[in-house]
Every structure is written in structure tokens, then in C-alpha cells.
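In what follows, a structure is listed as C-alpha cells, so that the remarks can point back to it.
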Amino acid sequence: MKVLVTGGAGFIGSHIVDTLLQSGLQVSILDNLSTGSLGNINPRAVFLKKDIRDEDLKDLLAKERFDYVVHQAAQTTVANSLADPYHDCDVNIRGLVNLLEASRLAGVKRIVFASSAAVYGDTDSLPIREDCGKQPASFYGASKLAGEHYLNLYYKNFGLEYVALRYANVYGERQGDGSEGGVISIFCNKLLAGERLTVFGDGSQTRDYIYVKDVAAANYQALFSQAANRSYNVGTAAETSVHELIELLARVAGQRPAVAHGAQRSNDIRRSVLANRAASDSLRWQPAYTLTEGLYLMLRDLKRRMPA
Ligand SMILES: NC(=O)c1ccc[n+]([C@@H]2O[C@H](COP(=O)([O-])OP(=O)(O)OC[C@H]3O[C@@H](n4cnc5c(N)ncnc54)[C@H](O)[C@@H]3O)[C@@H](O)[C@H]2O)c1
């Protein structure tokens, strides 16, 4: 079976590629390398340097006859979406529609889409369930929510199956400092460099941190599940404050970092945690890694990469 992974040279996409290859699937990566890197690419995958917005995308998909598409390529940050809404819309909406058109014309069976907890915005009903109200607080959240609507309409109108996965804050090996889940990556790098960690606000704000290999496993389950054509949260259902995160990091690293406090950032959501019952019941997926295990693996990898 042939699978195309867009954004497969990026942080999450590259782990998905590894998981799919381990399962014996034939994998191609489509990536423009805008934030991804060649070093992330599994040599057993075919690499196509291309933009999801390219006009001739449909010719490529018609020729390659992929069975499935896993769509990770995106403009991925809230801050950039606010600074340049046109670019966010161009990549996350126009790029998605270009991929959907190419996919339906080529007879792709199913597309799995990287959505985000950002579709919910700030909400008081925690943990957030999939049917909660959606009030995106950024153009990024709005473009992901629009993407889900497009997927649903491509299914209803053309029968192209889909699963949208709303990721919580993802962390793990190969993570850059810029993505949504970047705080763990930033803290780990600073801790190992002996630098001070900066906490914005009082440190009581919470997030749901999900390890990247768990996210890759959710994508695999979504490809073959009977329970398609809807959106699922992909999180741990556990809330961790920035203070708790620093405590845990210090314990795992055996090293206590110095901490400085900065002003609370505007648009910073106070609390965020995703319910994961639907994914557990319908996709037969549950997170396998605790935050302690994930932090240990991430720190170990960063240490290995440090110049001697
Ligand atoms: N990291 C998180 O915590 C998080 C949380 C929620 C959702 N997501 C979503 O998960 C997906 C993967 O994010 P990530 O953190 O791995 O980011 P990333 O920047 O590491 O990966 C994105 C990849 O897409 C590629 N890309 C970007 N624009 C492209 C285009 N126009 N054409 C082709 N390739 C393009 C980049 O080169 C990169 O390799 C994204 O859709 C993101 O919105 C991430």
C-alpha cells in the first residue's frame, strides 16, 4: 500500500514516516523544506521536494496512485498566523484544497489531517471534548477549523474519506523551537546548555503534552480505522502546569535549572487539556508514554546530538 506523507521532513511528519515504514507500508514524502530538513528524512522513503500549493500536484498524484495521504505540511505557528494571515491562509487552506482536489481526482481512499487544539480557543469546559464549542483565538486555529470543514465536504460531496486529528502540545525528538509545543524543546535545550529558563506569567498555565511517537501511532490507527469521517482529539487528558513541567524536567535531568519570570503573553490560553475517550473507543488508540518517559527520551537524544 502506498502512502504520501506531506510535511514528512518535519518534526511530527518524520516520526509518522518512521512508524508507517516499520509497519511495512510504502512511503513517499512531499515537503518544500521550509521548516523541515533533509536530516529528518528516513532514507527508506521516497522524497519529493515540492510545495502543496504547486499547480501540477494533481499530475503527481495521478501518476503515483497513492492509496492514502497523511497531511502534516502547514504553516504551524499561532504567532506567524497573526503576523501574516495571508500566508497562513495560503498554505493551510489553499494548499489543503489543492491537495484535496488532487487526491479525489487520483482516487485516494482516505486523508488523515493534522488539526490542532487551537480550533477550540479558550474554554472553561475541561477536559475539552470534540463536541465543545469552537472559538479559535488565532488565524492558525481558524485555518485548521476551516480545513476540517473542507475535509467533511469533500467526503460528503465526493466520498473522499478523512480523519482529522486535533493534536494537543506535541513534544519529542527532532522538535524545533518554533512549533506550538515548543516550550519543552526550548526548556530542554536551555537546561542542557546551563541557561536560565524563562516562564511567562506566574507558571500556573497548563497544557496537555503528548509525546510525538504517540501522535505517530494515532495517525497509523486513523489510516485504517472503521470509524472515519470525523475529528478526534489526540492528547493525554492530563494537565501539566509550567511549574510542574520544570519540576519534572529537573528530576529527569538530575539538574535544577535557574528560572526567570517574564510578563504574561497576550493571547496565552490559561488552561488546556484534551479529553481522549473518543480516540480510545473508536480509533483504539491511547497514549503509551508518560511525560516522564517522553522527557527522558528527548533529553537523551539531545545529549547525544550535543558536540563533544
Ligand atoms: N507541534 C505541535 O505541537 C502541533 C500541535 C498541533 C498541530 N500541529 C500540526 O502538526 C503538523 C506538523 O507540525 P510540526 O510541529 O511537525 O511542524 P514542522 O514545521 O516541523 O513540520 C511541517 C513540515 O511541513 C513542511 N511544509 C510547510 N509548508 C509546506 C508547503 N507549503 N508545502 C510542502 N511542505 C510544507 C515543512 O517544511 C515541514 O517539514 C502541522 O500541520 C501542525 O499545524 C502541530
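Among the residues that make up region 229-237, is at least one of them over 21 Å from Leu151 (Cβ atoms) and surrounded by 16 or more Cβ atoms within 10 Å (Cβ to Cβ)?
Within region 229-237, one or more residues are over 21 Å from Leu151 (Cβ atoms) and surrounded by 16 or more Cβ atoms within 10 Å (Cβ to Cβ).
Would you confirm whether or not region 66-78 contains a residue that is loosely packed, with under 14 Cβ neighbours inside 10 Å and at pLDDT 95 or above?
No, region 66-78 has no match at all.
Looking at Gly147, Gly176, Gly141, Gly201, which one is more than 23 Å from Asp90 (Cα to Cα) and not basic (Lys, Arg)?
Just a single option satisfies the conditions, and that option is Gly201.
For Phe47, work out the one condition from (1) part of a helix (DSSP H, G or I); (2) in contact with a helix residue (DSSP H, G or I) (Cβ under 9 Å, 6 or more places away or on another chain); (3) more than 10 Å from the ligand (Cβ to nearest atom) it doesn't fulfil.
Unmet condition: (1).
Ser272: crowded, with 19+ Cβ neighbours inside 10 Å and modelled with pLDDT under 95, yes or no?
yes
Can you pull out the residues in region 1-27 that are buried (at least 19 other Cβ atoms within 10 Å of the Cβ), more than 9 Å from the ligand (Cβ to nearest atom) and part of a strand (DSSP E or B)?
Of everything in region 1-27, those that are buried (at least 19 other Cβ atoms within 10 Å of the Cβ), more than 9 Å from the ligand (Cβ to nearest atom) and part of a strand (DSSP E or B) turn out to be Val3, Leu4, Val5, Val27.
Go through Ala279, Ala288 for me and flag whichever is out of contact with any Leu (no Cβ under 6 Å at 6 or more places or on another chain), surrounded by 13 or more Cβ atoms within 10 Å (Cβ to Cβ), at pLDDT 95 or above and small (Gly, Ala, Ser).
When all the criteria are applied, what remains is Ala279.
If Arg53 meets every condition in (1) closer than 22 Å to Gly107 by Cβ; (2) outside any helix (DSSP H, G or I); (3) more than 8 Å from the ligand (Cβ to nearest atom) apart from one, which number is that one?
The single condition Arg53 does not satisfy is (3).
The values are calculated or read from the model by the stated rules, or taken from the named source; none is laboratory data. Fair warning: this is a prediction, and the values are worked out from it, not measured in the lab. In this analysis, Cβ positions are derived from the backbone assuming ideal geometry, glycine residues included, and neighbour counts consider all displayed protein chains.
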